[in-house]
Amino acid sequence: ERDAGPIVIDAIRTDRFPAMPGSAELLSGGAFYPAPLLTRYELDPRSGKVQETCASRIPCELPTSSRAEATRDHGLVFAIAGDPLDENTTHVAPFFSKVARFDRHAGTERVKDLGSVLPGEPLFVPVESAPGGGYVLTLGFEGPREKSALFVLRADDLGTVAVCELPHGVPPGFHGTW
């Protein structure tokens, strides 16, 4: 909540809830999934009005921010992401291979491509002495090799700090808290 002002919520919005396709369509890599876009909602309790603003044309899922800022005006949002959309694209393939950083105060975006890795929900770990104030952790699954790794990225530019390979694959999960 802003001081004596609206309640601000960053969330993912699609134009409709996606129907679950059959396995052939799901694995086809086709763009059938309604594009999930980071959207800011400002709720004004005094007027009862809601303002909705699309924050980015980068499709993304599982957005997170610093847990310490969960109920405050937060600047950074991290999410798994796909390729930026042009103005006419409304659907995407359902699996993302990138991690995105949205700086809501500066209005900037940065994307880290992990290639054939499917990243899980990114977690921001605040560390005052670190570049950008912390690190981003994501557990990624690389299907062709049936291997997983923990990716440690700098929060400021998503540069790779470390990749900790696991001795086995961990199937993609829904959330990254572990």
Does VAL117 qualify as being farther than 19 Å from PRO36 by Cα, of a type in the set (A, V, I, L, M, F, W, C) and surrounded by 14 or more Cβ atoms within 10 Å (Cβ to Cβ)? yes
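What about ALA81, is it surrounded by 11 or more Cβ atoms within 10 Å (Cβ to Cβ), touching a residue at least 24 places away in the same chain (Cβ under 8 Å) and more than 30 Å from GLY132 (Cα to Cα)?
Details: surrounded by 11 or more Cβ atoms within 10 Å (Cβ to Cβ): yes; touching a residue at least 24 places away in the same chain (Cβ under 8 Å): yes; more than 30 Å from GLY132 (Cα to Cα): no.
Criteria not met by ALA81.
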Does the range 37-52 hold any residues that are more than 20 Å from VAL92 (Cα to Cα) and either among the polar types (S, T, N, Q) or in a loop (DSSP other than H, G, I, E, B) (or both), and which are they? PRO45, ARG46, SER47, GLY48, GLN51
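Can you tell me how many residues within the range 143-177 are at pLDDT below 90 and open to solvent by less than 70 Å² (accessible area, probe 1.4 Å)?
Looking only at that region, the number is 5.
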Is the range 89-104 home to any residue that is outside any loop (DSSP other than H, G, I, E, B) and without any contact (Cβ under 8 Å) to a residue 40 or more places away in the chain? yes
Could you list, in sequence order, the residues of the range 1-36 that are open to solvent by 50 Å² or more (accessible area, probe 1.4 Å) and either part of a loop (DSSP other than H, G, I, E, B) or at positive phi (or both)? GLU1, ARG2, ASP3, ALA4, ASP15, ARG16, PHE17, ALA19, MET20, SER28, GLY29, ALA31
Within the range 37-60, is even one residue within 17 Å of ASP157 (Cβ to Cβ), of a type outside the set (Asp, Glu) and open to solvent by less than 60 Å² (accessible area, probe 1.4 Å)? yes
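The values are calculated or read from the model by the stated rules, or taken from the named source; none is laboratory data. Values in this document were obtained by computation on a predicted structure and should not be read as measured data. Don't worry about glycine lacking a Cβ; one is built from the backbone with ideal geometry, like all the others, and counts go over all protein chains shown. To get the accessible areas, we keep the full protein, side chains included, count just its heavy atoms, and leave off ligands, DNA and RNA. Shrake-Rupley method; radii C 1.70, N 1.55, O 1.52, S 1.80 Å.
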